[in-house]
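Written below as C-alpha cells is the structure these notes are about.
The values are calculated or read from the model by the stated rules, or taken from the named source; none is laboratory data. In this text, all values refer to a predicted model and were calculated from it rather than measured experimentally. Because the Cβ atoms are built from the backbone with ideal geometry, glycine has one as well, and the counts that use them run over all protein chains shown. Only protein heavy atoms, including side chains, enter the accessible area calculation; ligands, DNA and RNA are left aside. Shrake-Rupley method; radii C 1.70, N 1.55, O 1.52, S 1.80 Å.
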Amino acid sequence: MPFSLSIIVGARSSPLSRAQVDEVLREIRHHRPEVVFKTIFVESTGDIDQITSLRDLGKTDFFTKEIDLLLLTGHCDIAIHSAKDLPEPLPEGLKIIALTQGLDSSDALVMRKEQSFETLPPKAKIATSSARREDVVAAMRPDLTFVDLRGTINQRLSLLDNYEVDGVVVAEAALIRLGLTTLNRIRLPGETTEGQGRLAILARIDDNEMRTLFSCIDTRDGNRES
C-alpha cells in the first residue's frame with residue numbers, strides 16, 4: 001500500500017525525547033527510506049511542572065497529555081513516548097502501533113568521578129525520583145540519605161557537579177541515548193519499571209496506514225512484519 005510522503009511526529013521537547021525520536025526514525029528509515037518525517041516538539045505538563053513529585057504519581061498522562069492531544073486533533077500523525085511514561089488507560093481514540101526493542105532497562109547510580117559506592121560517606125545524599133529506586137539503594141547502603149529529584153537528565157546530573165548531592169539515580173538507557181556512558185556509575189540490581197528503555201509509537205486507532213508502516217519495528221509478540 002502507498003505511504004504518505006510526509007509524516008508528522010509529535011514528542012516532548014527535552015533533549016532525551018529528541019534523542020528518542022532520532023532513535024525511532026533511524027530504525028524506521030532502515031526499512032522505509034522513502035518516507036519523510038517532520039517533527040513537532042512541545043513541553044508537556046511534566047516538563048513545565050518541576051515541583052510535583054513523581055514518587056506517587058502512578059500511570060498518568062503527566063508527560064504525555066499535550067503530545068497525545070496533538071495526535072487526537074490531527075496536528076501530528078504519530079506520537080513517540082518513553083514506554084514507561086504511558087498513562088493507563090491510553091486516551092480514548094489512540095493505540096500503541098509499535099513498541100521498540102529499546103536499550104538497557106537497568107537503573108544506574110551516577111557519582112562524581114572520584115567517588116565509589118563503597119566509599120560514599122555515611123549519610124551521603126542520593127537523589128532519585130522513585131521510591132522503588134530509593135528502596136534498592138537503601139537495601140545496599142542503609143546509612144545513606146535520600147532527596148527527591150526532578151528535571152531533565154542534565155539538570156539532575158548538575159546536582160552532582162554543584163556538590164548538592166553525592167549520587168543521582170537515572171535510567172541507564174537515558175545515559176546511553178545522551179552519550180553519557182563515560183560517567184562514573186554502577187548499575188543497580190533488581191527489576192525496573194515496566195517498559196523502561198523501550199519506546200512506544202502511538203497513532204489514532206483508525207489509522208491503519210501508520211500501523212502498517214511501523215509494524216516493521218514493533219517487537220511485540222505476533223506483531224512484527226517483515
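Things worth noting here:
- Within segment 80-126, considering residues that are closer than 21 Å to residue 176 by Cβ and hydroxyl-bearing (Ser, Thr, Tyr), the one least open to solvent (accessible area, probe 1.4 Å): 100
- Residue list for segment 117-139, restricted to those being among the small types (Gly, Ala, Ser), more than 20 Å from residue 151 (Cα to Cα) and touching a residue at least 24 places away in the same chain (Cβ under 8 Å): 124
- Residues satisfying the criterion are present in segment 31-43 (criterion: farther than 18 Å from residue 205 by Cβ, modelled with pLDDT of 95 or more and part of a loop (DSSP other than H, G, I, E, B)).
- Given (1) modelled with pLDDT under 95; (2) more than 23 Å from the chain's Cα centre (by Cα); (3) closer than 22 Å to residue 120 by Cα; (4) not acidic (Asp, Glu), index of the condition residue 141 fails: (1)
- Subset of segment 29-50 [under 19 Å from the mean Cα position of the chain (by Cα) and farther than 23 Å from residue 194 by Cβ]: 39, 40, 41, 42, 43, 48, 49, 50
- Filter result (in contact with a helix residue (DSSP H, G or I) (Cβ under 9 Å, 6 or more places away or on another chain), open to solvent by 50 Å² or more (accessible area, probe 1.4 Å) and free of Cβ contacts under 8 Å to residues at least 60 places away in the same chain) within segment 61-79: 61, 65, 66
- Verdict on residue 39 being closer than 28 Å to residue 148 by Cβ and among the β-branched types (Val, Ile, Thr): no
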